[in-house]
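What follows is a single structure, written as structure tokens, with notes after it.
Values in this text are rule-based calculations from the coordinates and carry no lab data. Keep in mind the model is a prediction, meaning the values are calculated, not measured. Glycine gets a Cβ as well: all are built from the backbone with ideal geometry, and neighbour counts include every protein chain shown.
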Amino acid sequence: MKPTPAPSTRHVTGASAVAAVDLYWIPLGAGGNVVRLNGKIYERLIALRERRRRLDLYHAALIVRVPEGRFTIESTPVPDAEGDSRGVVGGGSVGSRLAGALRIFRYEIRCWPDGVIPDLAYAVESPRRLTQAEVDARRVLDVAPQVPTPVWGRDELGTGDMWNSNSIVSWMLARAGFDVPGIALPTGGRAPGWDAGLVAAERAAC
């Protein structure tokens, strides 16, 4: 059954609340030179192919607050086998399913009580307060363990866009009833994979 839509999204900076869902846009590779460089090369090639100017790339993360605590939601590489300590609720392979046999080619989805998002200080035009309704915040937490886990960086679901961390966040928000198309990207930026999550969520709602 399709979730009841939440109130329209809006951009509000600052602010803690008893219940809230805050979206953060973090520059791809913030704090890490290799990922940032690879992202710039990737975007330059895509921009050339599409005959447009190069844009900044962003990675989405969420902080969800409910009366009993604060949860950070993000998808990251798998650092070790202690996933329970980071609130891991799912994960999959990176690049190919065969490569996923090795930890360095796997990603994890975190819904981490009192967790940390290492690059949060680099976030741009953030936080975006999407709601302060407790029921909406709880829906995001409820759908977190249900996120699809296709191969990262591929389009296994046939959405026309690759699956990645942005797909995971947009899927969660869409399945929780938020107006995902109404969420603006940072000025001069784009979020590869965002549309993949939205398309996959719409299919799941049918």
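For residue 76, which sequence-distant residues (separation of 5 or more, or a different chain) have an amide H within less than 5 Å of its own amide H, given hydrogens modelled in the peptide plane?
Answer set, sorted by chain and number: 108, 110.
Once R0 is set to 30 Å, what does the formula 1/(1 + (r/R0)^6) return for the Cβ-Cβ distance between residue 116 and residue 138, expressed as a FRET efficiency to the nearest 0.05?
For R0 = 30 Å, the calculated efficiency reads 0.85.
Given the convex hull over the Cα atoms of region 20-205, what projected area results after averaging over all orientations, in nm²?
So the mean shadow area of the Cα hull is 10.4 nm².
Amide H to amide H under 5 Å from residue 151: which residues, 5+ apart in sequence or cross-chain, H placed 1.01 Å off N in plane?
Excluding prolines and chain starts, which carry no amide H, the hits are 156.
For a footprinting-style exposure proxy, rank 105, 178, 71 by other Cβ within 10 Å, fewest first.
Ranked by crowding around the Cβ, least crowded first: 105, 71, 178.
Please list, in order along region 176-185, the HN-Hα scalar couplings obtained from phi with the Karplus expression 6.51 cos²θ - 1.76 cosθ + 1.60 (θ = phi - 60°), rounded to whole Hz, x for Gly and Pro.
7, x, 7, 7, 5, x, x, 8, 7, 7
Label points 7 Å out from Cα along the Cβ direction at residue 54 and residue 103: separation in nm?
Each label point is offset 7 Å from its Cα along the Cβ direction, giving 3.5 nm.
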